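Heads up, the thing below is written out as structure tokens.
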């Protein structure tokens, strides 16, 4: 169903998936429902079994907050179960499932799992289920409302999903593919203002990467202009005939008496 579909707005396509969550003394299963366009995590649930009830519960909570046009999942038993598909049909949502050759349909949720595990689960190493629930609740709040996404033009999922876009400069590219200097200064100023308003320690790397990217574009413009200048400079030309040969004395080779040079080897005569 998603072939040739262009995702252009929030609540157009939602997706769900399940992942394995390790604990110190065991494991849990985590399901999340994600909006494709905004990367906003609409809801999530934990379970110690794969019976599918927690997936239906998460779906009902998500539908209470909004309704997508299309809901995409893989063909796991939890998502093909009658209880899950009936809930979607009653809500008037079209059902899409990953088919043959569509391995990247669920890539947004897979990226979410990578982010959650490397930024929270593997670092915190939760020992109990209550601690895991509290930690995930804190992290998903941060993910939705504070974590900047490069693919979202360095906005948060909540800003894109609910349309709360803050004023930000638009960077226009010139013929050289680089930003003009006044726009570069304005973009840096906007980023610093945003950083002062939202300043968790681990956001420094994202802001620094954005600043580096803008500086790189400005340097490309500077180098391009200099290359154009050098291309118009006439350099003196030299020919082989204008180069005088070295004096004959410089070609003389010194050798000891009784030795001769034969094909690069020193031989006794």
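Arranged from fewest to most other beta-carbon atoms within 10 Å of their beta carbon, 148, 59 become 148, 59. You can think of it this way: the chain between residue 7 and residue 80 has 23.9 nm of extra reach, that is 0.36 nm per residue less the Cα-Cα gap. This ranking places 143, 118 by how few other beta-carbon atoms lie within 10 Å of each, fewest first, which gives 118, 143. A simple packing score, the average count of other Cβ atoms within 10 Å per residue, orders the peptides 119-132, 70-83, 35-48 as 35-48, 70-83, 119-132, with the highest score first. With one equal scatterer per alpha carbon and no solvent term, the Debye-computed log10 I(q)/I(0) for region 13-162 at 0.13, 0.14, 0.19 1/Å reads -0.58, -0.68, -1.24.
No lab work stands behind these numbers, since they all come straight from the coordinates. Worth saying up front: this structure is predicted, and the values here are computed from it rather than measured. FYI the Cβ positions are ideal-geometry reconstructions off the backbone, even for glycines, and counts take in every protein chain you see.
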